[in-house]
Amino acid sequence: MVKQTQLALSDAAEWLGDWHPLAEQLGSADGLVTLGSVSSLLRLRPVQDLASLRNFLKKYQTQILFPLELPAIEAAHGHALRLEVRELVALDQQLAGERVLQTFAAASRRVGCGQLQKLRPLRDQRIVQRYLQAVESAEAHGWHTLVYGVTLAIYSLPLRQGLLGYAHQTTRGFIYSASRSLRLSERKCRELFEELCADLPQAVELLWRERKAA
């Protein structure tokens, strides 16, 4: 059972974290405009070397990952456990109002909706079926973070590990997507990954404590 849980958790983190919708655009010519828009919103110069990539990722963590994405995953997880469809849809609509998320909304929805379709055969999972209906009727968007939180809940995967796995996989996806165009060595990629992930456990633990106290 433990091995199966670990495997499922790895799969959940991989389909969302390894290719975060914004990370994917770092390696795509079609995504340069969107990436430039995000950099502008974060008041950063374009990613063109190791230093600018480091600055971008630090800003991403402090302005997107920690305040928006991880809380969204945690909230979606809670709504799914409590079968709160209306609250989940309301959260989905709330995220649509976040300006910085709008810059990669289409990619986020593509990833999220793609996973929702994979969950469609789970007919006994009411939260999945109702959320899928809301997305198909354009009442909701299907943000990848919300679908990730729902996935953790329906498979009874540990939330804290899921949050940390998402943060790790997303950071790794950013670095290795950018490494091709920036010609970063494997050693540089690993060093940057370790540097940026050093404080992630504390950040996830803080979020966990804040939610427990609320």
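The values are calculated or read from the model by the stated rules, or taken from the named source; none is laboratory data. What you see is a predicted model; the values in this text were computed from it and never measured. Cβ atoms come from the backbone with ideal geometry, glycine included; neighbour counts cover every protein chain shown. Surface areas here come from the heavy atoms of the whole protein model, side chains and all, with no ligands, DNA or RNA. Shrake-Rupley method; radii C 1.70, N 1.55, O 1.52, S 1.80 Å.
In region 151-163, the residues that are farther than 17 Å from ALA72 by Cβ form Cβ pairs under 8 Å with partners that are surrounded by fewer than 17 Cβ atoms within 10 Å (Cβ to Cβ) and among the aliphatic types (A, V, I, L, M), at six or more places apart or across chains, as follows: TYR155/ALA8. Of the residues examined, SER39 is one that is touching a Phe, Trp or Tyr at 6+ places or on another chain (Cβ under 7 Å), open to solvent by less than 70 Å² (accessible area, probe 1.4 Å) and modelled with pLDDT under 90. Only one of the listed residues (VAL2, VAL85) is aliphatic (A, V, I, L, M) and modelled with pLDDT of 60 or more. That residue is VAL85. The set of residues in region 168-190 that are more than 17 Å from the chain's Cα centre (by Cα) and closer than 20 Å to THR62 by Cβ contains only ALA178. Here ALA198 clears all of (1) more than 19 Å from ARG82 (Cα to Cα); (2) touching a residue at least 24 places away in the same chain (Cβ under 8 Å) except the condition numbered (2). Just a yes or no: is a residue in region 136-148 touching a Cys at 6+ places or on another chain (Cβ under 6 Å) and either farther than 19 Å from PHE56 by Cβ or of a type in the set (Val, Ile, Thr) (or both)? Yes, there is a match, as at least one residue in region 136-148 is touching a Cys at 6+ places or on another chain (Cβ under 6 Å) and either farther than 19 Å from PHE56 by Cβ or of a type in the set (Val, Ile, Thr) (or both).
Against the test of being open to solvent by 70 Å² or more (accessible area, probe 1.4 Å), without any contact (Cβ under 8 Å) to a residue 40 or more places away in the chain and not charged (D, E, K, R), the options GLN125, GLN129, GLN102 yield a single qualifying residue, GLN102. Among the residues of region 159-186, those that are on the phi < 0 side of the Ramachandran plot and open to solvent by 50 Å² or more (accessible area, probe 1.4 Å) comprise ARG160, GLN161, HIS168, ARG172, TYR176, ARG180, SER181, SER185, GLU186. Among the residues of region 202-210, at least one is more than 26 Å from PRO46 (Cβ to Cβ), more than 18 Å from the chain's Cα centre (by Cα), outside any loop (DSSP other than H, G, I, E, B) and of a type in the set (D, E, K, R).
Every test in (1) under 13 Å from THR151 (Cα atoms); (2) over 19 Å from the mean Cα position of the chain (by Cα) is passed by ASP124 save one, and that test is (1).
Among the residues of region 132-150, those identified as in a helix (DSSP H, G or I) and either surrounded by fewer than 24 Cβ atoms within 10 Å (Cβ to Cβ) or in contact with a His (Cβ under 9 Å, 6 or more places away or on another chain) (or both) are LEU132, GLN133, ALA134, VAL135, GLU136, HIS144, LEU146, TYR148, GLY149, VAL150.
Residue-level analysis places ALA134 outside the set of residues that are in contact with a Phe, Trp or Tyr (Cβ under 7 Å, 6 or more places away or on another chain) and farther than 22 Å from ARG211 by Cα.
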